[in-house]
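What follows is one structure encoded as structure tokens, with my remarks underneath.
The values are calculated or read from the model by the stated rules, or taken from the named source; none is laboratory data. Worth saying up front: this structure is predicted, and the values here are computed from it rather than measured. When we count neighbours, we look across all protein chains shown, and the Cβ atoms used for this are built from the backbone with ideal geometry, even at glycine. The area values use the complete protein model at the heavy-atom level, side chains included, leaving out ligands, DNA and RNA. Shrake-Rupley method; radii C 1.70, N 1.55, O 1.52, S 1.80 Å.
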Amino acid sequence: MKYSWLLLLLGATCLSAQAQRRLPPNYHWQKFDNGLEVVVIENHKVPLATIEIAVKNGAYTEGPEYSGLSHLFEHMFFKANKDYPDQEKFLRRTEELGAIWNGTTNVERVNYFFTFDKDSLDAGLRFMNAAMRYPIYRAEDMTKERPVVDGEFQRAESDPGFQIWYESQKRLWGELFTRKNPIGEHDIINTATPEKMMVIKDKYYHPNNSLLIIAGDVKPDQAFTLAKKIWGDWQHSGFDPMQKYPIPAFRPLEKTEYFIKKSSIANTPYIIFSWQGPSYQEDSAGTVIADVFSAVLRLNASRWQQALVDKGLASWASLQYTTNHFTGPIEAYVIPNPEKIKECYNEAMKQISQFATPGYFTQEQLQTAREVIRRDLIRSREKPSSLPGQLSYQWASTSLEYYTDYEQNLMRVTLDDLAAYARRYIVGKPFVAGLIINEEMAKAAQPETFFKN
């Protein structure tokens, strides 16, 4: 399937290891001899600096025996290390620096970040360096932190939307489900050991699998000099983690599957439709088109919204795509009117079947959707401390050039592109359909009579 325009996204693969990367104005890039990529984002809006270290790690590196442990590893980052051998000392140092700090674990990236006064850049880089390179995994710290991580999982399970997502993901990815599930599995989290933390560190926590970002009221030359002084002696692993521990290919979904989950917490029913969408690795153009397609459907003026929400069949209907290097998911969520679940489902299926039909989207809707995404991008860049996280996500799942060219390529998407995307990934393709509903509503609606293949 070809789209009507040619992106520059694949150009990154032709760059030599030391060639300057294509980045937005005031973004500066270097690659140290040990393989560590460093980006300095110069932004003088406020007298603050943010340091972020990102690693290509996360759910996609986890087989069943490690499910959720990248997330636990993230939590342990903020515990003890060589310079601060217990969490009390670690936290006291963050207070001395006046630092705001956190970390996140996604499917294809783990990142850690600190924001503090710009004059603390040297001290902040040293503090981050100690946590990254010299962690201490104490059994007592893990005993305390395992329930915290598992508690996040349990809180998520109190949401029927999460429950239906979790069940649909199992069916969408099959035996590779753990590689799309950052939250993990209860038993694996609660039995994790320091030894397993070291396995993760030894596999993925190397300079040649990491990105260091320094952003804010900083001078690029000074920032690079400090970074090289502090991080330059971090030893290259001697191997490419993504080659030594390759991510297994996600098998295409072979057939459509329906399921109904009955739950006492489902006071409102949810329907989810899930497809396997494009990957940056195989279809970089499709990942941009997917964003626009989703944005068009979310417009109040779209036929999808008018058919489901405006006519009272659903209180909410949305569709989203998550950009991944390896096969991103497409997910349509619908909250049906409890008294019209069958009618809502039938109409949703009708609309989905028409996604690739000429005229389903208008040029005006396309233009509006592109502008909505563009405005959201502009707003997202107003806070300097948020820029590292935006960049590192694309570094891990796409490329730095993808990040740079995204807005330009967004505006090139056409109606023909939307139709081609729908034909390739959604219309007539196998999917997973799930419904979560409580017993009382199920007795009235009898979903088993219509919510099936």
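For the range 204-229, the set of residues classified as of a type in the set (Ser, Thr, Tyr) and open to solvent by less than 30 Å² (accessible area, probe 1.4 Å) consists of TYR204, TYR205, SER210, listed by residue number.
Name the single residue that is nearest to the chain's Cα centre (by Cα) among those in the range 308-322 being of a type in the set (Ser, Thr, Tyr) and closer than 16 Å to GLN169 by Cα. This residue is THR322.
Scan the range 239-254 for residues that are in contact with a helix residue (DSSP H, G or I) (Cβ under 9 Å, 6 or more places away or on another chain) and either modelled with pLDDT under 95 or over 18 Å from GLU62 (Cβ atoms) (or both) and the total you get is 3. One residue alone among GLU167, GLU152 is among the acidic types (Asp, Glu), under 28 Å from ALA332 (Cβ atoms) and touching a strand residue (DSSP E or B) at 6+ places or on another chain (Cβ under 9 Å), and that residue is GLU167. It is to be established whether one or more residues within the range 378-389 are among the hydrophobic types (A, V, I, L, M, F, W, C) and over 24 Å from the mean Cα position of the chain (by Cα). No: the range 378-389 contains no residue that is among the hydrophobic types (A, V, I, L, M, F, W, C) and over 24 Å from the mean Cα position of the chain (by Cα).
Candidates are the residues of the range 74-86 that are buried (at least 17 other Cβ atoms within 10 Å of the Cβ) and of a type outside the set (Lys, Arg); the one that is farthest from the chain's Cα centre (by Cα) is TYR84. Grab the helices (runs of 4 or more DSSP H) fully contained in the range 102-194, keeping just those with 2 or more residues being open to solvent by 10 Å² or more (accessible area, probe 1.4 Å), closer than 27 Å to THR398 by Cα and assigned by the TED database to the domain that holds LYS79. Output list reads 121-133, 160-173. One residue alone among GLN320, GLN408 is within 14 Å of ASP291 (Cα to Cα) and out of contact with any helix residue (DSSP H, G or I) (no Cβ under 9 Å at 6 or more places or on another chain), and that residue is GLN408. Selection of the range 64-101 for residues being in a loop (DSSP other than H, G, I, E, B) and on the phi < 0 side of the Ramachandran plot yields SER67, PHE77, PHE78, LYS79, LYS82, ASP83, TYR84, PRO85, ASP86, ALA99. Within the range 322-352, restricting attention to residues that are open to solvent by 20 Å² or more (accessible area, probe 1.4 Å) and not in a loop (DSSP other than H, G, I, E, B), the residue that is nearest to MET242 (Cα to Cα) is TYR333. In the set LEU176, LEU212, LEU172, only one residue is under 18 Å from ILE53 (Cα atoms) and touching a residue at least 12 places away in the same chain (Cβ under 8 Å); that residue is LEU212. I'd like to verify a number: residues in the range 231-283 that are assigned to a loop (DSSP other than H, G, I, E, B), farther than 23 Å from ILE352 by Cα, in contact (Cβ under 8 Å) with a residue 24 or more places away in the chain and open to solvent by less than 70 Å² (accessible area, probe 1.4 Å), how many? Residues that pass the stated criteria total 12.
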